[in-house]
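Visitor: A single structure is presented below for examination.
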Amino acid sequence: MRGEELVKIFPSAFYLISKKVETMKPFRQLPKIDKLIADDSFKDLNKSILTNLAKRYIENLREKIKNNQIDKIDYSQIIKDLKQEYKLALKPSLRPIINATGVTIHTNLGRSLIDEAIYDGAKDVVCNYCNLEYDLDKGKRGDRYQHTTQALRELLNCEDALIVNNNAAAVFLILNTFAKDKESIVSRGELVEIGGSFRVPDVMRESGTKLVEVGTTNKTKFADYENAITDNTALLMKVHKSNYTIEGFTQEVDFNEISKLAKSKNLIDYYDLGSGYIPRLSWGLSEAEPSLDKLLECEPSLISFSGDKLFGSVQAGIILGKKELIAKLKKNQLLRMFRVDKVTLALLEQTILAYKLKKYEAIPTISMLNATVEELEKRANYLAKNFKIDYEIKERKTYVGGGTMPNRKIPTIIIALSGGAIALESHFRANGIIGRIEDEHFILDMRSLREKDFKQIIETVNML
(Lines give C-alpha, C1' and ligand atoms only; values in the text may rest on other atoms or scores of the structure.)
Protein backbone atom coordinates (compact mmCIF):
# COMPACT_ATOMS: atom_id res chain seq x y z
CA MET A 1 0.00 0.00 0.00
CA ARG A 2 1.40 3.37 -1.00
CA GLY A 3 1.99 6.30 1.40
CA GLU A 4 -0.79 8.49 0.00
CA GLU A 5 -3.25 5.64 0.46
CA LEU A 6 -2.17 5.20 4.08
CA VAL A 7 -2.71 8.92 4.68
CA LYS A 8 -6.27 8.59 3.36
CA ILE A 9 -6.98 5.64 5.63
CA PHE A 10 -5.24 7.03 8.76
CA PRO A 11 -5.36 10.83 8.34
CA SER A 12 -5.33 11.71 12.06
CA ALA A 13 -2.35 9.46 12.79
CA PHE A 14 -0.29 10.99 10.01
CA TYR A 15 -1.28 14.48 11.17
CA LEU A 16 0.05 13.73 14.64
CA ILE A 17 3.26 12.27 13.24
CA SER A 18 3.87 15.26 11.00
CA LYS A 19 3.14 17.59 13.92
CA LYS A 20 5.66 15.72 16.08
CA VAL A 21 8.30 15.97 13.34
CA GLU A 22 7.60 19.70 13.01
CA THR A 23 7.93 20.15 16.75
CA MET A 24 11.21 18.27 16.87
CA LYS A 25 12.73 20.33 14.05
CA PRO A 26 14.01 23.25 16.23
CA PHE A 27 15.55 20.79 18.71
CA ARG A 28 17.37 19.06 15.83
CA GLN A 29 18.66 22.42 14.67
CA LEU A 30 20.44 23.04 17.98
CA PRO A 31 24.20 22.71 17.40
CA LYS A 32 26.25 20.25 19.44
CA ILE A 33 28.47 21.97 22.00
CA ASP A 34 31.76 20.51 20.75
CA LYS A 35 31.05 21.53 17.15
CA LEU A 36 29.82 24.96 18.22
CA ILE A 37 32.94 25.88 20.19
CA ALA A 38 35.10 24.56 17.35
CA ASP A 39 33.67 27.20 14.99
CA ASP A 40 36.39 29.36 13.40
CA SER A 41 34.76 32.45 14.89
CA PHE A 42 35.95 31.28 18.33
CA LYS A 43 39.45 30.07 17.44
CA ASP A 44 41.28 32.63 19.64
CA LEU A 45 38.97 32.36 22.66
CA ASN A 46 39.43 30.50 25.94
CA LYS A 47 37.66 27.18 25.29
CA SER A 48 36.91 26.51 28.96
CA ILE A 49 35.06 29.79 29.41
CA LEU A 50 33.39 29.45 26.02
CA THR A 51 32.19 25.90 26.76
CA ASN A 52 30.41 26.96 29.95
CA LEU A 53 28.79 29.92 28.19
CA ALA A 54 27.72 27.73 25.26
CA LYS A 55 26.14 25.10 27.53
CA ARG A 56 24.07 27.72 29.33
CA TYR A 57 23.11 29.39 26.07
CA ILE A 58 21.99 26.16 24.36
CA GLU A 59 20.09 25.06 27.46
CA ASN A 60 18.30 28.41 27.46
CA LEU A 61 17.34 27.90 23.79
CA ARG A 62 16.09 24.42 24.63
CA GLU A 63 13.78 25.83 27.32
CA LYS A 64 12.46 28.46 24.91
CA ILE A 65 11.64 25.76 22.36
CA LYS A 66 9.80 23.73 25.01
CA ASN A 67 7.77 26.79 25.97
CA ASN A 68 6.96 27.58 22.30
CA GLN A 69 8.83 30.88 22.49
CA ILE A 70 10.88 30.11 19.36
CA ASP A 71 10.29 27.74 16.44
CA LYS A 72 13.58 27.97 14.55
CA ILE A 73 17.28 28.33 15.25
CA ASP A 74 19.50 31.02 13.73
CA TYR A 75 23.07 29.71 13.88
CA SER A 76 24.62 33.06 12.98
CA GLN A 77 22.75 34.69 15.86
CA ILE A 78 24.09 32.05 18.24
CA ILE A 79 27.64 32.93 17.19
CA LYS A 80 26.97 36.64 17.61
CA ASP A 81 25.35 36.21 21.04
CA LEU A 82 28.10 33.96 22.37
CA LYS A 83 30.76 36.43 21.29
CA GLN A 84 28.94 39.16 23.21
CA GLU A 85 28.52 36.96 26.30
CA TYR A 86 32.19 36.00 26.16
CA LYS A 87 33.14 39.67 26.05
CA LEU A 88 30.93 40.41 29.07
CA ALA A 89 32.32 37.40 30.95
CA LEU A 90 35.81 38.89 30.79
CA LYS A 91 34.72 42.21 32.23
CA PRO A 92 35.26 42.72 35.99
CA SER A 93 32.09 42.50 38.03
CA LEU A 94 33.26 45.31 40.31
CA ARG A 95 33.01 48.68 38.60
CA PRO A 96 33.18 52.33 39.67
CA ILE A 97 29.88 53.90 40.67
CA ILE A 98 28.89 57.53 41.22
CA ASN A 99 27.23 57.95 44.61
CA ALA A 100 24.47 60.56 44.28
CA THR A 101 22.48 59.24 47.25
CA GLY A 102 23.84 61.80 49.71
CA VAL A 103 24.91 59.01 52.09
CA THR A 104 28.64 59.58 52.46
CA ILE A 105 29.59 56.27 54.09
CA HIS A 106 27.40 54.03 51.94
CA THR A 107 28.00 50.37 52.83
CA ASN A 108 26.45 49.07 49.60
CA LEU A 109 28.69 51.35 47.54
CA GLY A 110 31.98 50.57 49.27
CA ARG A 111 31.89 52.90 52.30
CA SER A 112 34.74 55.44 52.50
CA LEU A 113 36.60 56.57 49.39
CA ILE A 114 40.37 56.48 49.08
CA ASP A 115 41.88 59.69 47.77
CA GLU A 116 44.03 59.25 44.66
CA ALA A 117 47.01 60.88 46.39
CA ILE A 118 46.81 58.34 49.22
CA TYR A 119 46.46 55.52 46.68
CA ASP A 120 49.49 56.81 44.77
CA GLY A 121 51.46 56.96 48.01
CA ALA A 122 50.74 53.29 48.66
CA LYS A 123 51.20 52.13 45.06
CA ASP A 124 55.00 51.71 45.23
CA VAL A 125 54.63 49.37 48.19
CA VAL A 126 51.71 47.43 46.69
CA CYS A 127 53.31 46.95 43.28
CA ASN A 128 56.73 45.91 44.57
CA TYR A 129 58.34 43.65 47.13
CA CYS A 130 58.39 45.48 50.45
CA ASN A 131 59.58 45.18 54.04
CA LEU A 132 56.20 43.85 55.19
CA GLU A 133 57.77 41.41 57.65
CA TYR A 134 61.41 42.37 57.34
CA ASP A 135 63.37 44.57 59.74
CA LEU A 136 65.69 46.65 57.56
CA ASP A 137 67.77 47.82 60.54
CA LYS A 138 68.38 44.37 61.99
CA GLY A 139 68.40 42.45 58.72
CA LYS A 140 65.98 39.79 59.96
CA ARG A 141 62.29 38.96 60.13
CA GLY A 142 60.13 41.77 61.46
CA ASP A 143 56.53 42.41 62.55
CA ARG A 144 53.97 43.17 59.82
CA TYR A 145 51.96 45.29 62.26
CA GLN A 146 54.78 47.61 63.29
CA HIS A 147 54.36 49.95 60.30
CA THR A 148 50.81 51.06 61.09
CA THR A 149 50.92 50.59 64.85
CA GLN A 150 53.87 52.91 65.25
CA ALA A 151 52.07 55.51 63.16
CA LEU A 152 48.89 55.13 65.24
CA ARG A 153 50.83 55.45 68.51
CA GLU A 154 52.31 58.72 67.29
CA LEU A 155 48.99 60.01 65.96
CA LEU A 156 46.78 59.14 68.93
CA ASN A 157 49.25 58.91 71.81
CA CYS A 158 48.01 55.41 72.64
CA GLU A 159 50.19 52.67 74.10
CA ASP A 160 49.80 50.21 71.27
CA ALA A 161 47.62 49.17 68.34
CA LEU A 162 46.76 46.15 66.22
CA ILE A 163 45.12 45.85 62.80
CA VAL A 164 42.80 43.00 61.80
CA ASN A 165 40.60 42.56 58.73
CA ASN A 166 37.44 44.23 60.11
CA ASN A 167 35.85 45.35 63.37
CA ALA A 168 33.84 42.13 63.70
CA ALA A 169 37.16 40.26 63.79
CA ALA A 170 38.42 42.71 66.39
CA VAL A 171 35.41 42.05 68.64
CA PHE A 172 35.77 38.28 68.30
CA LEU A 173 39.53 38.30 68.89
CA ILE A 174 39.30 40.47 72.00
CA LEU A 175 36.52 38.43 73.60
CA ASN A 176 38.15 35.12 72.73
CA THR A 177 41.51 36.23 74.12
CA PHE A 178 40.39 37.75 77.41
CA ALA A 179 36.94 36.37 78.22
CA LYS A 180 36.78 32.82 76.90
CA ASP A 181 34.94 30.64 79.46
CA LYS A 182 34.43 33.78 81.54
CA GLU A 183 31.75 36.47 81.76
CA SER A 184 31.45 39.66 79.71
CA ILE A 185 28.99 42.26 80.96
CA VAL A 186 27.12 44.42 78.44
CA SER A 187 24.01 46.59 78.51
CA ARG A 188 20.86 44.94 77.18
CA GLY A 189 20.19 48.09 75.15
CA GLU A 190 23.46 47.64 73.24
CA LEU A 191 22.96 44.10 71.91
CA VAL A 192 22.88 45.29 68.34
CA GLU A 193 22.36 43.60 65.00
CA ILE A 194 23.99 45.32 62.04
CA GLY A 195 24.12 44.57 58.31
CA GLY A 196 24.55 40.99 57.16
CA SER A 197 22.85 39.65 60.32
CA PHE A 198 25.94 40.39 62.44
CA ARG A 199 24.59 40.10 65.98
CA VAL A 200 26.73 41.06 68.95
CA PRO A 201 25.19 38.41 71.26
CA ASP A 202 25.89 35.66 68.71
CA VAL A 203 29.48 36.81 68.17
CA MET A 204 30.04 36.93 71.92
CA ARG A 205 28.79 33.37 72.35
CA GLU A 206 30.87 32.09 69.41
CA SER A 207 33.97 33.69 70.93
CA GLY A 208 33.57 31.51 73.99
CA THR A 209 32.55 34.17 76.50
CA LYS A 210 29.41 34.06 78.61
CA LEU A 211 27.18 37.04 77.88
CA VAL A 212 25.80 38.77 80.96
CA GLU A 213 23.07 41.27 80.06
CA VAL A 214 22.42 44.14 82.45
CA GLY A 215 19.79 46.86 82.63
CA THR A 216 16.74 47.07 80.40
CA THR A 217 16.29 47.93 76.74
CA ASN A 218 15.95 51.63 77.45
CA LYS A 219 17.72 52.15 80.81
CA THR A 220 21.02 50.85 82.12
CA LYS A 221 22.54 52.30 85.29
CA PHE A 222 26.01 52.24 86.80
CA ALA A 223 24.75 49.97 89.58
CA ASP A 224 23.63 47.41 86.99
CA TYR A 225 27.24 46.87 85.91
CA GLU A 226 28.54 46.98 89.46
CA ASN A 227 26.03 44.45 90.81
CA ALA A 228 26.61 42.00 87.93
CA ILE A 229 30.34 41.58 88.61
CA THR A 230 31.30 38.15 89.91
CA ASP A 231 34.51 36.21 90.44
CA ASN A 232 34.09 34.89 86.88
CA THR A 233 33.78 38.34 85.26
CA ALA A 234 36.58 39.18 82.87
CA LEU A 235 35.38 42.19 80.92
CA LEU A 236 33.01 45.16 80.96
CA MET A 237 31.94 45.97 77.41
CA LYS A 238 30.22 48.92 75.80
CA VAL A 239 28.84 48.58 72.26
CA HIS A 240 28.10 51.45 69.90
CA LYS A 241 24.45 51.53 68.77
CA SER A 242 25.51 51.76 65.16
CA ASN A 243 22.17 51.78 63.33
CA TYR A 244 19.54 52.89 65.84
CA THR A 245 18.86 55.24 68.73
CA ILE A 246 16.82 54.81 71.89
CA GLU A 247 14.89 57.95 72.76
CA GLY A 248 12.46 59.06 75.43
CA PHE A 249 12.75 57.60 78.93
CA THR A 250 16.36 56.44 78.61
CA GLN A 251 19.62 56.17 80.50
CA GLU A 252 23.02 54.73 79.71
CA VAL A 253 26.41 54.76 81.39
CA ASP A 254 29.24 56.76 79.88
CA PHE A 255 32.24 54.68 78.86
CA ASN A 256 34.48 56.73 81.14
CA GLU A 257 32.47 55.52 84.14
CA ILE A 258 32.55 51.91 82.90
CA SER A 259 36.30 52.18 82.46
CA LYS A 260 36.82 53.47 85.99
CA LEU A 261 34.68 50.68 87.43
CA ALA A 262 36.60 48.02 85.49
CA LYS A 263 39.94 49.35 86.68
CA SER A 264 38.76 49.42 90.29
CA LYS A 265 37.82 45.73 90.01
CA ASN A 266 40.95 44.74 88.06
CA LEU A 267 38.86 43.97 84.96
CA ILE A 268 39.24 44.84 81.29
CA ASP A 269 37.12 47.66 79.90
CA TYR A 270 36.39 47.43 76.19
CA TYR A 271 34.50 49.76 73.88
CA ASP A 272 33.31 48.31 70.56
CA LEU A 273 33.18 51.79 69.10
CA GLY A 274 32.27 50.75 65.57
CA SER A 275 33.37 54.02 63.98
CA GLY A 276 36.11 56.33 65.21
CA TYR A 277 37.07 59.80 64.03
CA ILE A 278 39.76 62.37 64.81
CA PRO A 279 39.15 65.95 63.54
CA ARG A 280 36.10 67.90 64.63
CA LEU A 281 33.01 67.17 62.55
CA SER A 282 30.44 69.76 61.47
CA TRP A 283 26.66 69.76 62.00
CA GLY A 284 26.87 68.86 65.69
CA LEU A 285 28.21 65.40 64.93
CA SER A 286 31.14 65.82 67.32
CA GLU A 287 28.67 66.68 70.09
CA ALA A 288 26.70 63.50 69.32
CA GLU A 289 29.65 61.15 69.74
CA PRO A 290 33.15 61.65 71.20
CA SER A 291 36.28 61.62 69.04
CA LEU A 292 39.07 59.10 69.42
CA ASP A 293 41.18 61.73 71.21
CA LYS A 294 38.45 62.26 73.78
CA LEU A 295 37.89 58.55 74.37
CA LEU A 296 41.59 57.87 74.79
CA GLU A 297 41.81 60.47 77.55
CA CYS A 298 40.25 57.94 79.95
CA GLU A 299 43.04 55.49 79.12
CA PRO A 300 40.80 52.55 78.17
CA SER A 301 42.03 48.97 78.25
CA LEU A 302 40.86 48.43 74.66
CA ILE A 303 38.75 50.09 72.02
CA SER A 304 38.12 48.97 68.44
CA PHE A 305 36.57 50.53 65.34
CA SER A 306 36.30 50.15 61.55
CA GLY A 307 38.89 51.70 59.28
CA ASP A 308 36.45 52.37 56.43
CA LYS A 309 33.83 54.35 58.34
CA LEU A 310 34.47 57.79 59.85
CA PHE A 311 38.20 57.11 59.89
CA GLY A 312 37.93 57.33 56.10
CA SER A 313 40.33 54.59 55.06
CA VAL A 314 40.29 50.92 54.01
CA GLN A 315 38.31 48.07 55.53
CA ALA A 316 40.12 47.08 58.69
CA GLY A 317 39.51 46.51 62.37
CA ILE A 318 41.67 48.95 64.34
CA ILE A 319 42.35 47.99 67.97
CA LEU A 320 43.90 50.52 70.35
CA GLY A 321 44.85 49.91 73.96
CA LYS A 322 47.26 48.81 76.62
CA LYS A 323 50.56 47.40 75.43
CA GLU A 324 50.37 44.22 77.49
CA LEU A 325 46.85 43.49 76.22
CA ILE A 326 47.79 44.03 72.58
CA ALA A 327 50.74 41.67 73.11
CA LYS A 328 48.32 38.96 74.31
CA LEU A 329 46.09 39.52 71.29
CA LYS A 330 49.10 38.96 69.03
CA LYS A 331 49.73 35.58 70.67
CA ASN A 332 46.21 34.32 69.96
CA GLN A 333 46.42 31.80 67.11
CA LEU A 334 43.21 33.22 65.66
CA LEU A 335 45.07 36.38 64.67
CA ARG A 336 46.53 34.62 61.65
CA MET A 337 42.99 34.13 60.30
CA PHE A 338 42.23 37.81 60.80
CA ARG A 339 45.46 39.38 59.59
CA VAL A 340 45.55 41.93 56.80
CA ASP A 341 47.76 42.09 53.72
CA LYS A 342 50.25 44.67 52.45
CA VAL A 343 47.59 46.46 50.37
CA THR A 344 45.48 47.22 53.43
CA LEU A 345 48.46 48.16 55.59
CA ALA A 346 50.00 50.43 52.93
CA LEU A 347 46.76 52.34 52.33
CA LEU A 348 46.04 52.59 56.04
CA GLU A 349 49.53 53.91 56.77
CA GLN A 350 49.13 56.59 54.08
CA THR A 351 45.80 57.62 55.63
CA ILE A 352 47.39 57.87 59.08
CA LEU A 353 50.19 59.97 57.60
CA ALA A 354 47.61 62.40 56.15
CA TYR A 355 46.06 62.68 59.61
CA LYS A 356 49.46 63.32 61.19
CA LEU A 357 50.07 66.14 58.69
CA LYS A 358 46.47 67.38 59.25
CA LYS A 359 45.79 67.05 55.53
CA TYR A 360 42.10 66.41 56.13
CA GLU A 361 41.31 67.31 52.53
CA ALA A 362 43.01 64.01 51.62
CA ILE A 363 40.34 62.12 53.58
CA PRO A 364 37.26 62.27 51.28
CA THR A 365 34.85 61.16 54.03
CA ILE A 366 35.87 64.07 56.27
CA SER A 367 35.83 66.57 53.40
CA MET A 368 32.35 65.49 52.26
CA LEU A 369 30.84 65.57 55.75
CA ASN A 370 32.30 68.98 56.57
CA ALA A 371 31.34 70.67 53.27
CA THR A 372 29.13 73.71 53.90
CA VAL A 373 25.66 74.15 52.43
CA GLU A 374 26.98 77.15 50.50
CA GLU A 375 29.69 75.01 48.90
CA LEU A 376 27.15 72.34 47.95
CA GLU A 377 24.77 74.90 46.50
CA LYS A 378 27.54 76.41 44.40
CA ARG A 379 28.40 72.97 43.01
CA ALA A 380 24.74 72.20 42.32
CA ASN A 381 24.30 75.40 40.30
CA TYR A 382 27.50 74.73 38.37
CA LEU A 383 26.40 71.17 37.58
CA ALA A 384 22.74 71.79 36.77
CA LYS A 385 23.32 74.70 34.39
CA ASN A 386 24.50 72.10 31.87
CA PHE A 387 21.28 70.07 32.05
CA LYS A 388 18.87 70.05 29.11
CA ILE A 389 15.90 69.02 31.26
CA ASP A 390 13.97 70.88 33.93
CA TYR A 391 15.21 70.69 37.49
CA GLU A 392 14.94 72.33 40.88
CA ILE A 393 17.69 72.92 43.45
CA LYS A 394 16.57 72.50 47.07
CA GLU A 395 17.96 72.17 50.58
CA ARG A 396 17.20 68.84 52.24
CA LYS A 397 18.57 66.49 54.92
CA THR A 398 20.66 63.33 54.61
CA TYR A 399 22.53 60.85 56.83
CA VAL A 400 26.17 59.93 57.37
CA GLY A 401 25.51 56.22 56.77
CA GLY A 402 27.56 53.08 57.33
CA GLY A 403 26.24 52.45 60.84
CA THR A 404 27.61 55.82 61.94
CA MET A 405 25.84 58.60 63.84
CA PRO A 406 22.43 56.83 63.69
CA ASN A 407 19.43 59.06 62.97
CA ARG A 408 21.58 62.22 62.93
CA LYS A 409 20.40 64.29 59.99
CA ILE A 410 22.75 66.74 58.30
CA PRO A 411 21.85 69.43 55.74
CA THR A 412 22.50 68.94 52.06
CA ILE A 413 21.63 70.33 48.65
CA ILE A 414 19.81 68.26 46.06
CA ILE A 415 18.94 68.60 42.38
CA ALA A 416 15.42 67.27 41.78
CA LEU A 417 14.95 66.25 38.14
CA SER A 418 11.65 66.58 36.31
CA GLY A 419 10.09 63.44 34.87
CA GLY A 420 9.11 59.97 35.99
CA ALA A 421 11.19 59.18 39.07
CA ILE A 422 11.28 55.41 38.54
CA ALA A 423 12.28 55.68 34.88
CA LEU A 424 14.95 58.26 35.74
CA GLU A 425 16.36 56.11 38.53
CA SER A 426 16.63 53.15 36.16
CA HIS A 427 18.28 55.27 33.46
CA PHE A 428 20.89 56.69 35.82
CA ARG A 429 21.58 53.32 37.43
CA ALA A 430 22.17 51.80 33.98
CA ASN A 431 24.83 54.48 33.51
CA GLY A 432 26.58 53.85 36.82
CA ILE A 433 24.95 56.65 38.82
CA ILE A 434 23.02 55.77 41.99
CA GLY A 435 20.65 58.45 43.28
CA ARG A 436 17.51 58.34 45.37
CA ILE A 437 13.81 58.96 44.98
CA GLU A 438 12.27 61.51 47.31
CA ASP A 439 8.88 63.27 47.14
CA GLU A 440 8.20 61.42 43.86
CA HIS A 441 11.28 62.97 42.25
CA PHE A 442 14.59 61.41 41.28
CA ILE A 443 17.29 63.44 42.97
CA LEU A 444 21.04 63.90 42.84
CA ASP A 445 22.39 64.72 46.30
CA MET A 446 25.47 66.92 46.33
CA ARG A 447 26.73 65.76 49.74
CA SER A 448 28.29 62.58 48.29
CA LEU A 449 29.22 63.88 44.83
CA ARG A 450 32.62 65.03 43.66
CA GLU A 451 33.41 67.44 40.84
CA LYS A 452 35.11 64.61 38.93
CA ASP A 453 31.65 62.97 38.73
CA PHE A 454 30.04 65.93 36.95
CA LYS A 455 31.03 65.07 33.37
CA GLN A 456 29.39 61.62 33.52
CA ILE A 457 26.30 63.01 35.22
CA ILE A 458 25.85 65.73 32.57
CA GLU A 459 26.24 63.18 29.77
CA THR A 460 23.70 60.86 31.41
CA VAL A 461 21.17 63.67 31.92
CA ASN A 462 21.50 64.85 28.36
CA MET A 463 20.91 61.33 26.97
CA LEU A 464 17.29 61.68 28.04
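Visitor: Can you tell me which of 258, 303 is of a type in the set (Val, Ile, Thr) and more than 30 Å from residue 371 (Cα to Cα)?
Guide: Answer to the check: 258.
Visitor: What residue, among those in the stretch 111-143 that are surrounded by 16 or more Cβ atoms within 10 Å (Cβ to Cβ) and closer than 21 Å to residue 311 by Cα, is nearest to the chain's Cα centre (by Cα)?
Guide: Going through the qualifying residues, I end up with 111.
Visitor: So in the stretch 246-275, with the set limited to residues that are charged (D, E, K, R) and farther than 15 Å from residue 305 by Cβ, which one is surrounded by the most Cβ atoms within 10 Å (Cβ to Cβ)? First the steps, then the outcome.
Guide: Filtering the stretch 246-275 down to residues charged (D, E, K, R) leaves 247, 252, 254, 257, 260, 263, 265, 269, 272.
Now restrict to residues that are farther than 15 Å from residue 305 by Cβ: 247, 252, 254, 257, 260, 263, 265, 269.
Details: 247: 8, 252: 19, 254: 12, 257: 15, 260: 14, 263: 16, 265: 13, 269: 25.
Checked the stretch 246-275; the qualifying residue surrounded by the most Cβ atoms within 10 Å (Cβ to Cβ) is 269.
Visitor: I need the full set of residues from the stretch 352-375 which are touching a Ser or Thr at 6+ places or on another chain (Cβ under 6 Å) and buried (at least 16 other Cβ atoms within 10 Å of the Cβ), in order please.
Guide: Correct list: 365, 368, 369, 370.
Visitor: Given the criteria outside any helix (DSSP H, G or I), within 19 Å of residue 27 (Cα to Cα) and either in the same structural domain as residue 27 (by TED's automatic domain parsing) or at pLDDT below 90 (or both), does residue 81 qualify?
Guide: no
Visitor: Still on this structure, please answer the following. Take the conditions more than 18 Å from residue 334 (Cβ to Cβ), out of contact with any Phe, Trp or Tyr (no Cβ under 7 Å at 6 or more places or on another chain), at pLDDT below 95 and surrounded by fewer than 15 Cβ atoms within 10 Å (Cβ to Cβ) and apply them to residue 189. Does it pass?
Guide: Numbers: more than 18 Å from residue 334 (Cβ to Cβ): yes; out of contact with any Phe, Trp or Tyr (no Cβ under 7 Å at 6 or more places or on another chain): yes; at pLDDT below 95: yes; surrounded by fewer than 15 Cβ atoms within 10 Å (Cβ to Cβ): no.
No.
For (1) of a type in the set (A, V, I, L, M, F, W, C); (2) in a helix (DSSP H, G or I); (3) at pLDDT below 95, each residue gets a yes or a no:
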position	(1), (2), (3)
366	yes, yes, no
392	no, no, no
397	no, no, no
411	no, no, no
443	yes, no, no
454	yes, yes, no
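Visitor: Continuing with the same structure: I need the full set of residues from the stretch 293-350 which are of a type in the set (Val, Ile, Thr) and in contact with a strand residue (DSSP E or B) (Cβ under 7 Å, 6 or more places away or on another chain), in order please.
Guide: Hits for the stretch 293-350 are 303, 318, 319, 326, 340.
Visitor: Which members of the stretch 276-292 meet the condition of being buried (at least 20 other Cβ atoms within 10 Å of the Cβ) and either outside any loop (DSSP other than H, G, I, E, B) or in contact with a strand residue (DSSP E or B) (Cβ under 6 Å, 6 or more places away or on another chain) (or both)?
Guide: If the condition is that a residue be buried (at least 20 other Cβ atoms within 10 Å of the Cβ) and either outside any loop (DSSP other than H, G, I, E, B) or in contact with a strand residue (DSSP E or B) (Cβ under 6 Å, 6 or more places away or on another chain) (or both), then 276, 292 are the ones that fit.
Visitor: Take the residues in the stretch 217-245 that are within 24 Å of residue 263 (Cα to Cα) and among the β-branched types (Val, Ile, Thr); name whichever of them is surrounded by the most Cβ atoms within 10 Å (Cβ to Cβ).
Guide: 220
Visitor: Quick one: in the stretch 387-433, of everything that is hydroxyl-bearing (Ser, Thr, Tyr) and buried (at least 17 other Cβ atoms within 10 Å of the Cβ), which residue is farthest from residue 445 (Cα to Cα)?
Guide: 404
Each row is one residue, and each column tells you yes or no for (1) touching a Leu at 6+ places or on another chain (Cβ under 9 Å); (2) over 25 Å from residue 211 (Cα atoms); (3) small (Gly, Ala, Ser).
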{"site": "235", "(1), (2), (3)": "yes, no, no"}
{"site": "238", "(1), (2), (3)": "yes, no, no"}
{"site": "253", "(1), (2), (3)": "yes, no, no"}
{"site": "257", "(1), (2), (3)": "no, no, no"}
{"site": "270", "(1), (2), (3)": "yes, no, no"}
{"site": "281", "(1), (2), (3)": "yes, yes, no"}
{"site": "294", "(1), (2), (3)": "no, yes, no"}
{"site": "297", "(1), (2), (3)": "no, yes, no"}
{"site": "300", "(1), (2), (3)": "yes, no, no"}
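Visitor: Are any residues in the stretch 426-441 assigned to a loop (DSSP other than H, G, I, E, B) and touching a residue at least 24 places away in the same chain (Cβ under 8 Å), and if so, which ones?
Guide: The answer is 431, 432, 435.
Visitor: Is the stretch 302-310 home to any residue that is surrounded by fewer than 21 Cβ atoms within 10 Å (Cβ to Cβ), assigned to a loop (DSSP other than H, G, I, E, B), in contact (Cβ under 8 Å) with a residue 60 or more places away in the chain and not aliphatic (A, V, I, L, M)? Break it down stepwise before answering.
Guide: Just the residues of the stretch 302-310 that are surrounded by fewer than 21 Cβ atoms within 10 Å (Cβ to Cβ), to begin with: none.
Within the stretch 302-310, not a single residue is surrounded by fewer than 21 Cβ atoms within 10 Å (Cβ to Cβ), assigned to a loop (DSSP other than H, G, I, E, B), in contact (Cβ under 8 Å) with a residue 60 or more places away in the chain and not aliphatic (A, V, I, L, M).
Visitor: Does the stretch 255-275 hold any residues that are in contact with a helix residue (DSSP H, G or I) (Cβ under 9 Å, 6 or more places away or on another chain) and assigned to a loop (DSSP other than H, G, I, E, B), and which are they?
Guide: Here is the first cut: in the stretch 255-275, the ones in contact with a helix residue (DSSP H, G or I) (Cβ under 9 Å, 6 or more places away or on another chain) are 255-258, 261-262, 265, 267-275.
Within the stretch 255-275, 265, 267 meet the criteria.
The values are calculated or read from the model by the stated rules, or taken from the named source; none is laboratory data. Since the structure is predicted, the reported quantities are computational estimates derived from the model, not experimental observations. In this analysis, Cβ positions are derived from the backbone assuming ideal geometry, glycine residues included, and neighbour counts consider all displayed protein chains.
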